[in-house]
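What follows is a set of notes on a single structure, which appears directly below.
The values are calculated or read from the model by the stated rules, or taken from the named source; none is laboratory data. Quick caveat: nothing in here was measured; it's all calculated off a predicted structure. Cβ: placed from backbone, ideal geometry, glycine included. Neighbour counts: every protein chain shown.
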Amino acid sequence: MKKQYMTPLIIFGLLVVLLIVGLIKSEFIRDVPSPLIGKPVPNFTLPTVEADQTAFSSKELQGKVYLVNIWASWCVSCRAEHEILNYAAKQGIKIYGINYKDEIEDARRWLAARGNPYVKSGHDLAGRIGIDWGVYGVPETFIIDKKGMIRYKHTGPVYIDDLNKKLIPLIKQLEAES
């Protein structure tokens, strides 16, 4: 009789262990490879979030090394990284933004309240440009080389360790290339 009750309990215990292992592993597997690495930036033109700027287009992402950050005012994780992006911009890193599926007034209030690290930020209300970039969630950050090629994709918020250990070294390496 005891064996009948033990079998479901053992199976349940094994399922709990598998769930815990899966959760732990998914925490470490954060960067999803992008099929766009090594390819040109998708062609786009977007109106800007900032009312006093001209449209933002893919043509601007050539000649220097840039970060492109996909963000939204409704994104909780974007709050976590915004201070880091402001810091990076003050260090001279050129950051362009793509405001993803957001109301423009909300985006403007966000930048006014939290600071604006972006050279320009395009407004992608429908999310069509985000699809071209392979975005499946915000925030996502890309490094673009001098030739306008996507060289790296960071999924999730950028933290100070990510900036110092991944992004800045790659930016310096790409800036040194001819």
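Can you tell me which residue in the stretch 103-139 is surrounded by the most Cβ atoms within 10 Å (Cβ to Cβ), limited to those that are under 15 Å from the mean Cα position of the chain (by Cα) and of a type in the set (Asp, Glu)?
Among those residues, the one meeting the criterion is Asp124.
When you go through Leu23, Leu67 one by one, which is the residue that is outside any loop (DSSP other than H, G, I, E, B), of a type in the set (A, V, I, L, M) and at pLDDT 95 or above?
Among Leu23, Leu67, only Leu67 is outside any loop (DSSP other than H, G, I, E, B), of a type in the set (A, V, I, L, M) and at pLDDT 95 or above.
Those residues that are in contact with a helix residue (DSSP H, G or I) (Cβ under 9 Å, 6 or more places away or on another chain) and under 14 Å from Ile70 (Cα atoms), I need them from the stretch 145-171; list them, please. Full working, then the answer.
Looking only at the stretch 145-171, we keep the residues that are in contact with a helix residue (DSSP H, G or I) (Cβ under 9 Å, 6 or more places away or on another chain), and these are 145-146, 148, 151-152, 154, 156-160, 162-163, 167-168.
Of everything in the stretch 145-171, those that are in contact with a helix residue (DSSP H, G or I) (Cβ under 9 Å, 6 or more places away or on another chain) and under 14 Å from Ile70 (Cα atoms) turn out to be Tyr152, His154, Gly156, Pro157, Val158.
If I go through the stretch 84-102 residue by residue, how many of them are surrounded by 14 or more Cβ atoms within 10 Å (Cβ to Cβ) and free of Cβ contacts under 8 Å to residues at least 60 places away in the same chain? Walk me through it before giving the result.
Here is the first cut: in the stretch 84-102, the residues surrounded by 14 or more Cβ atoms within 10 Å (Cβ to Cβ) are 84-89, 93-102.
Right, trim to free of Cβ contacts under 8 Å to residues at least 60 places away in the same chain and you get 86, 89, 94-102.
Within the stretch 84-102, residues that are surrounded by 14 or more Cβ atoms within 10 Å (Cβ to Cβ) and free of Cβ contacts under 8 Å to residues at least 60 places away in the same chain number 11.
Could you pull out the residue among Ala72, Ala55 that is surrounded by fewer than 19 Cβ atoms within 10 Å (Cβ to Cβ), over 18 Å from Leu167 (Cα atoms) and assigned by TED's automatic domain parsing to the domain that holds Asp124?
Ala55
I need the full set of residues from the stretch 68-93 which are of a type in the set (A, V, I, L, M, F, W, C) and either under 14 Å from Gly156 (Cα atoms) or in contact with a His (Cβ under 6 Å, 6 or more places away or on another chain) (or both), in order please.
Hits for the stretch 68-93 are Val68, Ile70, Trp71, Ala72, Cys75, Val76, Cys78, Ala80, Ile84, Leu85.
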